[in-house]
Each structure stands twice: as C-alpha cells, then as structure tokens.
1. For the range 111-165, which residues satisfy the criterion of being within 13 Å of PRO101 (Cα to Cα) and among the acidic types (Asp, Glu)?
2. Just name the residue that is farthest from LYS120 (Cα to Cα) out of those in the range 80-101 that are in contact (Cβ under 8 Å) with a residue 24 or more places away in the chain and outside any helix (DSSP H, G or I).
3. Test LYS63 against the stated conditions and say whether it is outside any helix (DSSP H, G or I), at pLDDT 90 or above and over 22 Å from ASN138 (Cβ atoms).
4. Which of (1) of a type in the set (Gly, Ala, Ser); (2) modelled with pLDDT of 95 or more; (3) on the phi > 0 side of the Ramachandran plot does GLY204 not meet, given it meets every other one?
5. Of all residues in the range 164-190, count the ones that are in a helix (DSSP H, G or I), under 23 Å from the mean Cα position of the chain (by Cα) and more than 16 Å from GLU151 (Cβ to Cβ).
6. Look at the range 100-124 and say how many of its residues are within 21 Å of ARG66 (Cβ to Cβ) and surrounded by fewer than 20 Cβ atoms within 10 Å (Cβ to Cβ).
Amino acid sequence: MAFTYIAAKLYSHYREIGGKRHKVFTTIALATLLLMGLGTFKRNMAFATEESMWKDVILKDRKSVRGYNKMGIYYEQHGEWDKALAHYQRTIKLAPMFPNPYINIGNVYHKKKEFEKAEKWMKRAIQLDPKSALANYNLGNILREAGKTKEAIKVYKRALELKDDLVAAMLNLGSLYIKLKKHDKASYWLKKNMEFRDRLPNKGKKVKEALKAHSTEKGNKKEEKPPENEL
C-alpha cells in the first residue's frame, strides 16, 4: 500500500515534468510492480497445498522439527506410509525426546496391522511422556486389536486416570468386559460413557446399542458396582 501511494505521487510529479524522466520512471515502476507480483505469485503457489507448504518449510530449514513431523502427518493422512515413516524418523533424529513422532509411528504401524511394531513405538512414546493420555489410549487400541484384552483394559484405565473424559476408552472398556462376560463391569463403563454421550457422534448411539446388546446377553440385571483396579 505504501509503495503504491509513493509510486502514484512520483508518477504525478514526473508526468507534469514530462519527457524522458517520465518514460524512465514509468518503465522502472512497471518493472518493480511486475517483480513484486511474481514474488507474491510464487509465495502463494508455495502455500497452495499443505504438502507444498511443509515442503517449503523444510527446504528453508533442514532442521525444522515441526516441518518434518507435519509432513509425516500429511503423508500418513493420505495413506503414504513409507513417506510418513521416513519423515517421522527424521523428526526423531532432530528431536529424540519429542514424543509426538513416536506416537505417529505407532499409529502408522497400527494402521498397517503390524501390531508388534505399533506396540513397541507407542510404549516408547509413553516412556518419554508417561502422562500422555493420547499415547496410553492409542496403546489400548493397539492391544485390543492384537487380541491382548486384559492388557488393553489396564492401559485404557491408565488413560482414563490421566484424562477422565475419554469417552471412547469407556466404550472400549465396556465392550471388552462384555467379551470377558464380566457384566457388572461392562454395565458400569457403558453407563459411565452415557454421562458423556453428548460428546459422542450421534449422541451416544453406539453406547445405547452396546447397552442393549449387553442387556440381552446378561439377562437379569445385578447390582451395579464400580470396576476394581485388577481384572
């Protein structure tokens, strides 16, 4: 804006003078505006997509922890697992005590159904940040899908100790207790989940379905008790 104002004033001045000075100024002004326009165009193109934006960040700073991690997230979201893993590994080399890329690598292996690797990386994230509810919850999901039901229950409970409104963890606990035929505990966690139903998609539809299935399987209802610390 400032450049445009000054250019307009100078243009008006040289126009009054006329002659070669006016032509020279006009040529210089047009060339400057063209260069500025090209610069803006290139900058906009660099940020046209999320991928190009983070590539641009990395290109300008080869030690950008955030750039490599975000680039990995982009590739993970688009199913390009190998590229995602490569960028997360690079993030770890730059910042080995940063837990996020460990969580992200665990998530990638989880999606690839490589549960042993997923478990290993998620546990490394927890070692770096034992108070990470997200890492504990993700580990619970990995263990659940790997068929390690009792271990998954313990980890879900630990995640809920760290963040008591993890509604998905409550739902998963209820489902796992149904699988183990521990009906009182299943009922406890499913109904506890219902307290947070407004935070769930479809306002607790999944919980209601689980409760209905649980009630059918359970038969006569017993007195509800809170779950114990141990299975």
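1. ASP129
2. First, the residues of the range 80-101 that are in contact (Cβ under 8 Å) with a residue 24 or more places away in the chain: 81, 84, 91, 94-95, 97-101.
Then keep just the ones that are outside any helix (DSSP H, G or I); that gives 95, 97-99.
Values: ALA95: 19, MET97: 16, PHE98: 16, PRO99: 13 Å.
By that ranking, first place goes to ALA95.
3. Numbers: outside any helix (DSSP H, G or I): yes; at pLDDT 90 or above: yes; over 22 Å from ASN138 (Cβ atoms): yes.
Yes: the conditions hold for LYS63.
4. (2)
5. 4
6. Start the filter on the range 100-124 by keeping residues that are within 21 Å of ARG66 (Cβ to Cβ), which leaves 100-108, 121, 124.
From what is left, the residues that are surrounded by fewer than 20 Cβ atoms within 10 Å (Cβ to Cβ) are 124.
Here the count works out to 1.
The values are calculated or read from the model by the stated rules, or taken from the named source; none is laboratory data. The structure presented is a predicted model; accordingly, all values stated were derived computationally and were not measured. With ideal geometry, Cβ positions are generated from the backbone for all residues, glycine too; neighbour counts draw on all protein chains shown.
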